[in-house]
Amino acid sequence: MRYAFYFDQSKCIACNACTVSCKDYNQVNPGPVRWRKQETHENQSIGRVYQNFVMSCNHCEKPACKEACPVDAIVKRPDGIVIINRDKCEGITACIMACPFSAIHIASDKQEPTKKESWTIEHPAQKCHMCYERIDAGLKPVCVDACPVYALDCDTDENLKEKYGNPQRLNKENFSYAYSNNDDETTEPNFYIKEGSLLKITKLDK
């Protein structure tokens, strides 16, 4: 059993309820660090279609970040959830360079002004942990509960495939904008998507 995120691109209205609720619940102060991000991309290959996209850590089946961390600060639970132990992080940033999705962040002094006593460094790496404490309590991550149009879901891989008809896994061919580098696609992201369009722009003749 492994947990995964599901995103229905045809429903997303770019309201940012998911990103705001994530920051609020996880006490991520205002600033550039965001565990879940929302973006809108123009896909000219299918006729100037604008597509909303939301993504966080994809809790990959083969997480490159975990393999890159030399101090074993990143762990993968038996249920697939990938977590950074911020107490062990030494700020080497190898995980940031290894992640193909830009999911891991280092905060600034302004965004994270107070160092916890248990931390080794001022600003250890941070990212989405799928609200694992809520998962353990039988609840959904806050981003899922906050979405007003039910564009997001999180469940076991098996349940998502049963509910949504075997949706496609995030891939570089259809969602190249989700990838921050050209590394070999071997991480197997646990992120499933129903592709869809928000708006098609038609050029008017004068």
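The values are calculated or read from the model by the stated rules, or taken from the named source; none is laboratory data. Just so it is clear, the structure is predicted and the values come from calculations on it, not from any experiment. We place every Cβ from the backbone using ideal geometry, glycine too, and count neighbours over all the protein chains shown.
A few remarks follow.
- Residues in region 126-150 that are loosely packed, with under 15 Cβ neighbours inside 10 Å and on the phi > 0 side of the Ramachandran plot: Gly138, Tyr150.
- Within region 61-114, tally of residues that are over 26 Å from Thr156 (Cβ atoms), surrounded by 16 or more Cβ atoms within 10 Å (Cβ to Cβ) and basic (Lys, Arg): 2
- Taking the listed residues Ile135, Ile81, Ile92, the one that is over 30 Å from Tyr6 (Cβ atoms) and of a type in the set (A, V, I, L, M) is Ile92, with no other qualifying.
- Any chance His123 is touching a residue at least 24 places away in the same chain (Cβ under 8 Å), surrounded by 13 or more Cβ atoms within 10 Å (Cβ to Cβ) and more than 18 Å from the chain's Cα centre (by Cα): yes
- Some residue of region 153-166 being among the hydrophobic types (A, V, I, L, M, F, W, C) and in contact (Cβ under 8 Å) with a residue 60 or more places away in the chain: yes
- The condition of being within 14 Å of the chain's Cα centre (by Cα), more than 27 Å from Ile13 (Cα to Cα), at pLDDT 95 or above and of a type outside the set (Asp, Glu) does not hold for Ile106.
- Matching residues in region 1-34 - criterion: being under 17 Å from Leu139 (Cβ atoms) and not hydrophobic (A, V, I, L, M, F, W, C): Tyr3, Tyr6, Ser21, Asp24, Tyr25, Asn26
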